[in-house]
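Asker: Just passing along the structure, written as C-alpha cells.
Read-outs throughout are calculated quantities, based only on the coordinates presented, and are distinct from any laboratory measurement. Small disclaimer: the values here were computed from a predicted structure and weren't measured. A quick note on method: Cβ atoms are made from the backbone with ideal geometry, for glycine too, and the neighbour counts reach across all protein chains shown.
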Amino acid sequence: MSSLFDGIKKNNFLVIGRAGMDLYPDPPGSTTEEAMNMSVGLGGSSANIAAGICKLGGKSALVTRVSDDSIGRYCVNQLKHYGVDVTHVKPIGGEYRNSLAVYESRVENHQSVIYRNGAADFQMDIDDIKAINYHKYGALITAGTVFAAEPSRSASMQAFAYAREAGLPIIFDVDYRPYSWTSPEVASEVLTAAAEQSDMIVGNDEEFGFMAGGIEKGLDKARELSNHLLLW
C-alpha cells in the first residue's frame, strides 16, 4: 500500500482512455428536447481525470486515439488548454469518431445520451503503449471503458504489465458503461481481471455488484478485493 501512496505523492500521472466532446443544453437546466442552444466542453472519463489533475496543480499525460477531424482536434486543443501532456494522443483517420455526449445540467429527470459508434479511442494499440516511458510517472490511471473493445483492451492490459515492470501503482475506475460492451458476461470477466491487477479500485454499488453477478453481491465482491484500496 505504501508504494501506492508514494506514487500518488509524485503528482505526475499517466492516464489511459478516451477524450470526447460534451454538449450541454443552454441555458443551464434546460431539457435537451427544448434546447435552442448548446454549450460545448471536453468530455470522456479519462480526459476529465487528466484535466482535473492539472486543474488541481498536478501533472498528467493522456494516452488515447482521437479522430483525424475537427472534433478530434478540438479534444486535443482542450487537453492542451488544461495543461495535459498530449504527446501520446494520436489521430486516426477513416471512419473512426470521437465520442459525443449530450448531458443535461438539471437534477430532476436528468438525461444523458452518449454516442460511441466506431469509437476512435478503441483503436489505441500495442505500439501506442510501447512508446511510453513509464518511469517518468508516479502512477497509472485508467477507466474501464478502455477494456470494452480491441485493440484497446489488449493494449491496456499490456500497459498494466509495463506499469508493473516500472514500479507504478495502478488506479482503476471501473466506469462500467453497458453500451460499450458486447455482453455483460464479457464485461464482468474483463473488468474483474483488470481490478485484480490494480492497487486502487474506484467503483459504486452497481459496479462492484455487476462484477460479482448481482448488485446484492457487491459487498462480497468488495471484500474479495479487500487487499486493494477501494473507493466506493
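Asker: Can you list the trypsin sites (Lys or Arg not before Pro) in segment 81-147 that are in a DSSP coil and have 16 or fewer other beta carbons within 10 angstrom?
Answerer: Here the trypsin sites (Lys or Arg not before Pro) that fit, given the DSSP loop and packing criteria, are 106.
Asker: Which value results when the Cα radius of gyration for segment 1-81 is divided by 2.2 N^0.38 Å?
Answerer: 1.35
Asker: Between residue 89 and residues 5 or more places away or on another chain, which pairs have amide H atoms under 5 Å apart, with H built 1.01 Å from N, and which residues are they?
Answerer: 64
Asker: When the scattering of segment 56-192 is computed by the Debye formula from its Cα atoms alone, each counted once and equally, what is log10 I(q)/I(0) at q = 0.14, 0.19, 0.21, 0.22 Å⁻¹?
Answerer: The computed values of log10 I(q)/I(0) come out as -0.72, -1.29, -1.46, -1.52.
Asker: Given contacts defined as C-alpha pairs under 8 Å and at least six residues apart, what's the relative contact order of the chain, whole-number percent?
Answerer: On the way: 496 pairs, mean separation 43.1, N = 232.
Once divided by the residue count of the chain, the mean separation gives 19 percent.
Asker: How large is ³J(HN,Hα), in whole Hz, for each residue of segment 28-33 in order, when computed from phi with the Karplus curve 6.51 cos²θ - 1.76 cosθ + 1.60 and θ = phi - 60°, using x for Gly and Pro?
Answerer: Listing the rounded values in order: x, x, 6, 7, 4, 5 Hz.
Asker: Next question, about the same structure. Tell me which residues come under 5 Å, amide H to amide H, from residue 60 once H is placed; ignore anything under 5 positions away on its chain.
Answerer: 13, 85
Asker: Now for a different question. At residue 68 and residue 185, where each label point lies 7 Å from the Cα along Cα→Cβ, what is the point-to-point distance in nanometres?
Answerer: 3.9 nm
Asker: List the GluC sites (Glu not before Pro) in segment 82-190 that DSSP assigns to loop (not H, G, I, E or B) and whose Cβ has at most 14 other Cβ atoms within 10 Å. Which are they?
Answerer: 95, 108
Asker: Can you tell me what share of the DSSP beta bridges in the chain is antiparallel? A percent to the nearest 5 is fine.
Answerer: Expressed as a percentage, antiparallel bridges in the chain total about 25.
Asker: Here's another thing I want to ask about it. Compute the length gained on full extension between residue 77 and residue 150: take 0.36 nm times their separation in residues and subtract their Cα-Cα distance, giving the result in nm to one decimal.
Answerer: Contour length minus the Cα-Cα distance gives 23.6 nm.
Asker: Roughly how far apart, in whole Å, are the Cα centres of segment 196-211 and segment 118-181?
Answerer: 16 Å
Asker: So for segment 71-134, what percent of the C-alpha to C-alpha distances run longer than 21 Å?
Answerer: 41 percent
Asker: Give me the net charge of residue 119's neighbourhood, meaning all other residues with Cβ under 13 Å from the Cβ of residue 119; Lys, Arg count +1, Asp, Glu -1. Display every interim value, and only then the final one.
Answerer: On the way: positive: 18, 65, 97, 116, 153, 177; negative: 95, 121, 150.
With Lys, Arg at +1 and Asp, Glu at -1, the net is +3.
Asker: Still on this structure: Quick one: which residues, 5 or more positions from residue 43 or on another chain, have an amide H under 5 Å from its amide H? H modelled 1.01 Å from N in the peptide plane, none for Pro or chain starts.
Answerer: 20, 21, 22
Asker: For residue 92, what is the net charge nearby, where nearby means another residue's Cβ is under 14 Å from its Cβ and Lys, Arg count +1, Asp, Glu -1?
Answerer: Charge balance near residue 92 sits at -2.
Asker: Compactness ratio of the chain: Cα Rg over 2.2 N^0.38 Å, N = residue count? Numbers along the way, then the final one.
Answerer: Details: Rg = 17.5 Å, N = 232, 2.2 N^0.38 = 17.4 Å.
The reported ratio for this selection is 1.00.
Asker: Segment 91-107 to segment 43-87: how many Å between their Cα centroids?
Answerer: Each part's Cα centre sits 14 Å from the other's.
Asker: So, one more: Treating only the Cβ of Lys, Arg, Asp and Glu as charged (+1, +1, -1, -1), what charge dipole size does segment 9-122 show about its Cα centre? Round to the nearest 20 debye.
Answerer: Dipole of segment 9-122, to the nearest 20 debye: 760 debye.
Asker: Next up: Work out from phi, with θ = phi - 60° and the Karplus expression 6.51 cos²θ - 1.76 cosθ + 1.60, the ³J(HN,Hα) of each residue of segment 156-166, listed in order in whole Hz, and give x for Gly and Pro.
Answerer: So the J values, rounded to whole Hz, are 5, 4, 5, 4, 4, 5, 5, 4, 4, 4, 8.
Asker: What are the ³J(HN,Hα) values, in whole Hz, obtained from phi via the Karplus relation 6.51 cos²θ - 1.76 cosθ + 1.60 with θ = phi - 60°, for each residue of segment 184-192 in sequence order, with x given for Gly and Pro?
Answerer: Taking θ as phi minus 60°, the curve returns x, 5, 5, 4, 4, 5, 6, 5, 5 Hz for segment 184-192.
Asker: 7 Å from Cα along Cα→Cβ at both residue 5 and residue 87: what's the point-to-point distance in nm?
Answerer: In this crude label model, residue 5 to residue 87 measures out at 3.0 nm.
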